[in-house]
Structure formats: structure tokens, C-alpha cells
Amino acid sequence: AQTVTQSQPEMSVQEAETVTLSCTYDTSESDYYLFWYKQPPSRQMILVIRQEAYKQQNATENRFSVNFQKAAKSFSLKISDSQLGDAAMYFCAYRGLNTGNQFYFGTGTSLTVIP
Amino acid sequence: KAGVTQTPRYLIKTRGQQVTLSCSPISGHRSVSWYQQTPGQGLQFLFEYFSETQRNKGNFPGRFSGRQFSNSRSEMNVSTLELGDSALYLCASSFGGAMEQYFGPGTRLTVT
């Protein structure tokens with residue numbers, strides 16, 4: 001089975017600074033999607049960004065960008081100009097095209113933003 | 001479009017009882033997945049339904065079951081509740097394929 005690893009249980013960042021959250025995954029597939037989800041305290045899980053494995057260009061959504069290294073099976077999330085509202089649990093997720101499309105989630109990284 | 005809705009939002013049950021949770025996906029979405037989220041275990045995959053058929057199943061005991069209706073709405077049932085079943089149960093829907101999932105607000109189940 002595919003595995004997704006987030007090695008940083010907790011991270012903190014000063015407001016307006018940049019932080020990078022790490023994610024690695026293990027797969028034998030060549031076609032898949034990767035996602036970062038954000039879950040604010042007591043609030044709904046929302047999609048932050050998506051990356052298709054066949055695209056070499058890293059995805060970007062406003063202040064959020066990824067560093068996708070397919071060969072290294074690494075998918076990190078960079079948050080620029082951190083804001084207080086970025087404080088949340090962040091989950092990395094994998095979804096393969098040939099494994100019944102099941103989602104695999106990492107254990108999450110809790111991000112604290114320090115004013 | 002309306003988002004994923006889950007009912008009820010909060011539930012308190014007694015050990016040994018059974019419970020049914022409901023999920024209405026985003027209109028047009030045919031895939032519905034269920035997850036159990038606890039502080040200690042993180043996000044655990046329960047099962048996924050696509051066009052009324054269970055497509056994937058996680059590693060949970062048979063007390064956990066689900067179904068999907070022709071309108072894509074899904075229900076999850078837990079029988080003979082145990083204290084360890086206390087968790088946030090999340091439902092997520094997607095159009096299909098490898099597209100992203102959209103999550104509902106969850107049902108907070110407390111078993112006493």
C-alpha cells in the first residue's frame with residue numbers, strides 16, 4: 001500500500017515569514033495526484049493545493065506553493081507571508097490512478113503562527 | 001454549489017448501541033469516502049463508495065458498514081459501539097477518478 005509520511009508533527013512560524021512543511025510518499029505508480037489539505041481548529045478540512053504527477057511545473061495558489069520532486073518522492077508545501085489564519089493542521093495526501101483511487105493521508109503537521 | 005453536508009453534527013451514544021451517520025455529497029459527485037479522525041490515530045480511511053458500490057475499504061472491523069444510494073447520498077453505520085469509536089467522522093466527496101475530495105464538517109460521535 002502507498003504510504004505518506006509527514007515527519008514534522010509540529011511547526012511554528014512568525015507572522016509574515018515563510019515556512020515549509022515536508023511530505024514524502026512511497027509508491028510504485030507513475031500516475032497520481034498529490035494534495036495538501038488544511039484543517040483549522042474545529043473547522044472544516046479544505047483543499048489548499050493540488051499537484052498532478054505528470055506535470056513538472058510546481059503548483060502555486062497565491063501564497064501557497066509546492067516543491068514537487070518526483071524522483072525523490074517528495075512534496076513539500078511552502079507558505080509565504082504567513083498569516084494568523086494559516087494556523088491549522090496540514091495534511092499531505094496521495095491519490096493514485098491505478099490503486100482504486102483511494103486517498104492516503106499523512107499524519108499531519110500542526111502549524112502555529114506567532115504574532 | 002452547496003458543499004458536503006453531514007448529519008447529525010454531534011451525537012452522544014452509549015456503549016453497545018448502534019449509530020447511523022449521513023452524508024450528502026456535492027451535486028454531481030459520485031464518490032463518497034468516510035474517515036475516522038482521532039487525536040491519537042490521525043485520519044483513518046474507512047471506505048469509499050462510487051455509484052452505489054463499495055470501491056475501497058480500510059482496515060476496520062465489520063461493525064463499521066456503509067452504503068450509498070442512487071442519489072449518491074451515503075450512510076455509515078456503526079453497530080455495538082465501543083468507547084474507542086469516539087471520534088470525528090468525516091465524509092468527503094469527489095467527482096471521480098483522481099480528482100480532489102471535498103470534505104464535510106464532520107459528525108462528532110461521543111460514546112459513553
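State whether the residues of region A:70-81 include one that is of a type in the set (V, I, T), surrounded by 12 or more Cβ atoms within 10 Å (Cβ to Cβ) and either touching a His at 6+ places or on another chain (Cβ under 8 Å) or free of Cβ contacts under 8 Å to residues at least 12 places away in the same chain (or both).
Within region A:70-81, none of the residues are of a type in the set (V, I, T), surrounded by 12 or more Cβ atoms within 10 Å (Cβ to Cβ) and either touching a His at 6+ places or on another chain (Cβ under 8 Å) or free of Cβ contacts under 8 Å to residues at least 12 places away in the same chain (or both).
One line per residue, one yes/no per condition, for (1) surrounded by fewer than 22 Cβ atoms within 10 Å (Cβ to Cβ); (2) closer than 23 Å to B:T112 by Cβ; (3) within 13 Å of the chain's Cα centre (by Cα):
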| residue | (1), (2), (3) |
| --- | --- |
| B:R55 | yes, no, no |
| B:S65 | yes, yes, yes |
| B:M76 | no, yes, yes |
| B:S94 | no, no, no |
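Taking only region B:67-112 into account, find how many residues are in a loop (DSSP other than H, G, I, E, B), hydrophobic (A, V, I, L, M, F, W, C) and modelled with pLDDT of 95 or more. Before the answer, list the steps.
Restricting attention to region B:67-112, the residues satisfying the condition of being in a loop (DSSP other than H, G, I, E, B) are B:69-73, B:79-82, B:86, B:95-101, B:104-106, B:112.
Remaining after also requiring hydrophobic (A, V, I, L, M, F, W, C): B:69, B:81, B:95, B:98-99.
Cutting the leftovers down to modelled with pLDDT of 95 or more gives us B:69, B:81.
Qualifying residue count for the region: 2.
Picking from B:G104, B:G66, which residue would you name as being within 14 Å of chain A (Cβ to nearest Cβ) and not charged (D, E, K, R)?
None of the other options fit; the residue is B:G104.
Tally up the residues in region A:69-115 that are more than 8 Å from chain B (Cβ to nearest Cβ), within 13 Å of A:E10 (Cα to Cα) and among the polar types (S, T, N, Q), please.
The number of residues fulfilling the criteria is 3.
What strands (runs of 3 or more DSSP E) completely inside region A:3-115 contain at least 2 residues that are farther than 22 Å from B:V32 by Cβ?
Of the strands (runs of 3 or more DSSP E) lying wholly inside region A:3-115, those with at least 2 residues that are farther than 22 Å from B:V32 by Cβ span A:3-5, A:10-14, A:19-21, A:24-26, A:46-52, A:64-69, A:74-79, A:88-96, A:109-114.
Being more than 10 Å from the chain's Cα centre (by Cα) and either crowded, with 17+ Cβ neighbours inside 10 Å or more than 14 Å from chain A (Cβ to nearest Cβ) (or both) is the filter; apply it to region B:28-48 and report the residue that is nearest to B:L109 (Cα to Cα).
Residue satisfying both the conditions and the ranking: B:Q37.
Quick one: B:P61 ticks every box in (1) surrounded by 15 or more Cβ atoms within 10 Å (Cβ to Cβ); (2) not in a strand (DSSP E or B) except a single one, so which number is it?
Going through (1) surrounded by 15 or more Cβ atoms within 10 Å (Cβ to Cβ); (2) not in a strand (DSSP E or B) one by one, B:P61 breaks only (1).
Can you tell me which of A:Y37, A:Y32 is of a type in the set (F, W, Y) and within 13 Å of A:T109 (Cα to Cα)? Walk me through it before giving the result.
Working: A:Y32 fails: within 13 Å of A:T109 (Cα to Cα).
Step by step, each of A:Y37, A:Y32 is checked, and only A:Y37 is of a type in the set (F, W, Y) and within 13 Å of A:T109 (Cα to Cα).
Which of the following residues is on the phi > 0 side of the Ramachandran plot and either buried (at least 20 other Cβ atoms within 10 Å of the Cβ) or touching a helix residue (DSSP H, G or I) at 6+ places or on another chain (Cβ under 6 Å) (or both): B:S51, B:S72?
B:S72
Free of Cβ contacts under 8 Å to residues at least 24 places away in the same chain and within 11 Å of chain A (Cβ to nearest Cβ): is that true of B:P61 in this structure?
no
The values are calculated or read from the model by the stated rules, or taken from the named source; none is laboratory data. No experiment lies behind these values; they were computed from the predicted model shown. In this analysis, Cβ positions are derived from the backbone assuming ideal geometry, glycine residues included, and neighbour counts consider all displayed protein chains.
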